[in-house]
Amino acid sequence: MKNALAERRRKERKNVDSIEFAELTSLTRYSVIANSGHIVDASASGFLIEVDRNHLVDPRTRSNLDLSAIIGEEVALYLPQMNLDLDGKIVRANHIGNGVFEVGIMFSPDVPEYWRECLVDLLPEYGELDDLDDFEEPF
């Protein structure tokens, strides 16, 4: 575990432009944890998501604002914009206020590092998608 923690600290983090995901699913319990949310930060070791409590499936979780029970679970989520499934392990989950949770997910160890690095490079940086709104087609 110490090597994994050291790896997370060495990897450069990228603040990404709110990539929507669908169905954060527990592979441990084979149940949906959240219907949707956003990836807000990523690195080659893992990614950080934000989930609004209204998107949590379990009503008990929605009402008590505590996600500590899901820490350590193997999960998968789907990125519709990229037609891509990501999987990993939840390493932390905190309520950051206003009914929003921040969940840290470390990539599964069987995902090759070069693939993780390429994925992070492909994710748009914060504000990058806003720049596209100003772009006018030449024809």
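The values are calculated or read from the model by the stated rules, or taken from the named source; none is laboratory data. Here the structure is a predicted model, which is why all the values come from computation and not from measurement. Positions of Cβ are generated from backbone atoms using ideal geometry, with glycine treated the same way; all protein chains shown enter the neighbour counts.
Looking only at the range 39-84, residues that are under 19 Å from Ile19 (Cβ atoms), among the small types (Gly, Ala, Ser) and in contact with a helix residue (DSSP H, G or I) (Cβ under 9 Å, 6 or more places away or on another chain) come to 5 in all. If you go through the range 52-65 and keep only what is out of contact with any Ser or Thr (no Cβ under 9 Å at 6 or more places or on another chain) and buried (at least 16 other Cβ atoms within 10 Å of the Cβ), you end up with Leu56, Thr61. Quick check, is Arg62 assigned to a strand (DSSP E or B) and either closer than 19 Å to Asp110 by Cβ or not hydroxyl-bearing (Ser, Thr, Tyr) (or both)? In short, no.
What do you reckon, is Ile70 under 20 Å from Pro124 (Cβ atoms) and among the aliphatic types (A, V, I, L, M)?
Criteria not met by Ile70.
Just to be sure before I move on: is Ser63 within 12 Å of the chain's Cα centre (by Cα) and either more than 22 Å from Val32 (Cα to Cα) or at pLDDT below 90 (or both) in the structure I sent? For Ser63, the condition - within 12 Å of the chain's Cα centre (by Cα) and either more than 22 Å from Val32 (Cα to Cα) or at pLDDT below 90 (or both) - is not met.
Residue by residue, here is whether (1) modelled with pLDDT under 95; (2) closer than 21 Å to Thr28 by Cβ; (3) touching a Ser or Thr at 6+ places or on another chain (Cβ under 9 Å) holds:
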| residue | (1), (2), (3) |
| --- | --- |
| Ser45 | yes, yes, no |
| Glu50 | no, no, yes |
| Leu67 | yes, yes, yes |
| Gly72 | no, yes, yes |
| Gln81 | yes, no, no |
| Asp85 | yes, yes, no |
| His95 | yes, no, no |
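When the range 18-37 is limited to residues that are closer than 20 Å to Gly127 by Cα and surrounded by fewer than 17 Cβ atoms within 10 Å (Cβ to Cβ), the one that is modelled with the lowest pLDDT turns out to be Ser18.
Cβ-Cβ distances below 9 Å connect the following pairs, each with a first residue in the range 69-84 that is assigned to a helix (DSSP H, G or I), a second residue that is modelled with pLDDT under 90, and a separation of six or more residues or different chains: Ala69/Thr61; Ile70/Thr28; Ile70/Thr61.
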